[in-house]
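To start, the structure itself, in structure tokens.
None of the figures in this text is laboratory data; all of them are computed from the coordinates on show. Nothing here was measured: the structure is a model prediction, and the numbers come from that model. Neighbour counts run over all protein chains shown; Cβ positions are idealised from the backbone, glycine included.
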Amino acid sequence: MAISGHWAFAFGVLGNIVSFIVFLSPLPTFYRIYKKKSTEGYQSIPYVVALFSSMLWIYYAFLKTNTTLLITINSFGVFIETIYVGFYLFYAPKKARVQTMKMLLLSVVGGFGAIVLVTQFLFKGAVRGQVVGWICLVFSLCVFVAPLGIVRKVIKTKSVEYMPLLLSVFLTLSAVMWFFYGLLLKDINIAAPNVLGFIFGIVQIVLYVIYSKKEKANLKEPKLPEIQKPAVIVVDENMNKKKIPELTQEQIIDIVKLGLLVCADKVHVASCPHDNTCAAKVENIPKLQTVKA
């Protein structure tokens, strides 16, 4: 029992460390929101659910013994998630802000208040702890399931832009630590939800790897079409090919006259160093005669 107690404490400390990183992992997301002054496509559901879950675990920890490590990490969770939600409300558009406020009123105010009142007046002793434990178990599952809304968006848009990879990785590690902590304490309410949390975390990481590769492939510059070089035809003199017909003298004269006509339209004065007659008037140029080939 003493050895399991020490191991439980060790996993509890590790769980606190990893969960601390989990709570801080959305910081890059909120820094991006701050820089762009907009929540873009991000959702507030994971942060509202995480806030509610932390409050429930604190309540559960006060009803149990040897759960100090639950109180410490979830107290920090309530603090940081409150900041996240407030930050989201500040930069969110009106529609998203209204939806977030509704979730806060229904879960944090109405839901948590109702759970405390019902369990305090209807249940006593160990039964109260068991009931609250099962409620915590359900909402812990909701914490792990909440990012699936983002997963759905990733699959639909085929883009991992709005999937926080750090959150998925550290949630998976946190699930491992708290599973062993609950297992060593023989507390199924702590151990059970982290099994599903580990599975969901792995699914999110796999999806991120798949769709990030596709994004990189799409971002590669498309190859420019090759310019087709004009084909060079080599005619062998020995081969029996049709020769190009030679121009007659009359056709050559017509070509020269056409060139002079074009020059006369564009150039009013022409000078020729070898022949002074090239500056003749355009009117004197004879009309072209059609010569049949």
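The table for this structure:
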read-out: As computed over the stretch 12-57, the Cα convex hull volume per residue (Å³); value: 70
read-out: V109-S38 FRET efficiency (beta carbon distance; Förster radius 25 Å; 0.05 resolution); value: 0.40
read-out: Intensity falloff of the stretch 85-207 expressed as log10 I(q)/I(0), Debye formula with alpha-carbon point scatterers, at q = 0.09 Å⁻¹; value: -0.35
read-out: Segments 55-63, 24-32 sorted - mean Cβ within 10 Å per residue, highest first; value: 55-63, 24-32
read-out: Label-point gap, in nm, between V206 and K124 - each point 7 angstrom along Cα→Cβ; value: 5.0
read-out: Shape category assigned to the stretch 10-115 from the gyration tensor of Cα positions, a/c cut at 1.5; value: oblate
read-out: The stretch 79-123: Cα Rg divided by the 2.2 N^0.38 Å rule of thumb; value: 1.45
read-out: For peptides 199-208, 69-78, sequence by mean Cβ density within 10 Å, most packed first; value: 69-78, 199-208
read-out: Cut-off 12 Å between beta-carbons: net charge of the residues surrounding Y88, Lys and Arg +1, Asp and Glu -1; value: -1
read-out: Computed E for W134/S4 - FRET, C-beta separation, R0 30 angstrom, nearest 0.05; value: 0.80
